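Below is one structure; the comments refer to it alone.
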Amino acid sequence: MPKTPQPSDLHEWISFEDPTEDRTWVIDATFLLSSWTCIYGRGCQGVLTADATALQQGCCSYGAHFLDKDDVETVRKSSARLTADQWQFRKEAKKLGWLDKDPDSGDDVTRVHEGACIFLNRPGFGRGAGCALHVGALDAGERPMDWKPDVCWQLPIRLEEHTDSHGHVTSTVREWKRRDWGDAGEEFHWWCTNDQSAFVGSKRVFEEMKDEISELVEPHIYPLIVDQLKAFVKRRAKAVALPHPAVRRKKD
């Protein structure tokens with residue numbers, strides 16, 4: 001008898017109710033418990049249509065899209081603190097401006113200069129390849145996520161929110177898929193959450209990206225996510241499925 005085809009991207013999920021508001025949290029347990037880690041400069045092939053490992057552009061080949069005016073203001077303030085030693089294209093940014101408009105969506109984006117984000121220092125630069133905002137933050141003893149566009153520190157975690165007709169909000173925390181880049185995502189030669197070479201971290205995603213997740217979901221929700229993930233691991237170790245809440249209440 002032929003085997004039933006299995007889904008190629010099977011994930012397990014956890015959901016729980018927010019204790020402070022009319023909201024349900026849905027968590028991608030498979031990804032948050034995985035060993036994914038950013039391998040920029042350590043085998044990252046980038047997001048172009050061919051292997052671009054040598055370029056060391058990571059996911060910075062395109063301008064970063066800003067979420068709102070506050071997001072733009074964050075980068076305006078942090079970029080003003082960068083020195084020529086930290087930012088390869090500081091002089092060019094002063095002349096051209098580091099903020100641009102996406103021609104298709106009209107969104108505010110970081111300018112693309114010489115084939116990648118203007119904040120990306122290229123191989124051969126004195127401080128090495130990588131984000132100038134990241135370098136500046138570390139030099140200042142601050143968190144890089146407080147200096148960068150929101151999308152840059154959120155990747156590859158995505159928060160989606162849906163409000164139903166009764167006003168109840170469902171917030172989903174999951175991995176960033178190719179589809180989240182739009183049609184262009186399907187053209188990428190490589191995407192890190194699709195390749196086992198990026199699943200080499202010494203910590204699980206929910207531990208390594210504690211600050212990022214806390215910022216996305218609000219600090220009081222992060223401990224709840226951790227508790228639920230740990231409980232999930234214990235249940236899986238015992239190979240016992242969690243009974244439906246209605247069944248559990250019957251036993252209380």
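The values are calculated or read from the model by the stated rules, or taken from the named source; none is laboratory data. What you see is a predicted model, and the numbers here were worked out from it, not measured in a lab. Neighbour counts are summed over all protein chains in view; Cβ atoms, including those assigned to glycine, are modelled from backbone coordinates with ideal geometry.
Is it fair to say Glu73 is surrounded by fewer than 18 Cβ atoms within 10 Å (Cβ to Cβ) and within 23 Å of Trp181 (Cα to Cα)? Give the steps one after another, and end with the answer.
Numbers: surrounded by fewer than 18 Cβ atoms within 10 Å (Cβ to Cβ): yes; within 23 Å of Trp181 (Cα to Cα): no.
So Glu73 fails the test.
Hey, among Ile27, Ile14, Ile39, which residue is in a loop (DSSP other than H, G, I, E, B) and either basic (Lys, Arg) or within 30 Å of Leu224 (Cβ to Cβ) (or both)?
That would be Ile39, the only listed residue that is in a loop (DSSP other than H, G, I, E, B) and either basic (Lys, Arg) or within 30 Å of Leu224 (Cβ to Cβ) (or both).
Do we find a residue being more than 17 Å from Pro144 (Cα to Cα), aliphatic (A, V, I, L, M) and in contact (Cβ under 8 Å) with a residue 60 or more places away in the chain anywhere in segment 91-101?
No, the conditions are met nowhere in segment 91-101.
Can you confirm whether Phe232 is of a type in the set (Phe, Trp, Tyr) and either free of Cβ contacts under 8 Å to residues at least 12 places away in the same chain or farther than 28 Å from His65 by Cβ (or both)?
yes
Which of (1) assigned by TED's automatic domain parsing to the domain that holds Val173; (2) buried (at least 16 other Cβ atoms within 10 Å of the Cβ); (3) in a loop (DSSP other than H, G, I, E, B) is the odd one out, the single condition Pro19 does not satisfy?
All conditions pass for Pro19, except number (2).
Specify the residue that is surrounded by the most Cβ atoms within 10 Å (Cβ to Cβ); the eligible residues are those in segment 126-171 that are in contact with a Leu (Cβ under 7 Å, 6 or more places away or on another chain) and under 16 Å from Asp18 (Cα atoms).
This residue is Ser171.
Can you tell me which of Asp102, Asp108 is surrounded by 12 or more Cβ atoms within 10 Å (Cβ to Cβ), within 25 Å of the chain's Cα centre (by Cα) and at pLDDT below 95? So that I can check it myself, show each step before the final result.
Working: Asp108 fails: at pLDDT below 95.
The match here is Asp102.
Would you call Glu175 farther than 27 Å from Arg76 by Cβ, at pLDDT 95 or above, not β-branched (Val, Ile, Thr) and not assigned by TED's automatic domain parsing to the domain that holds Thr83?
The answer is yes for Glu175.
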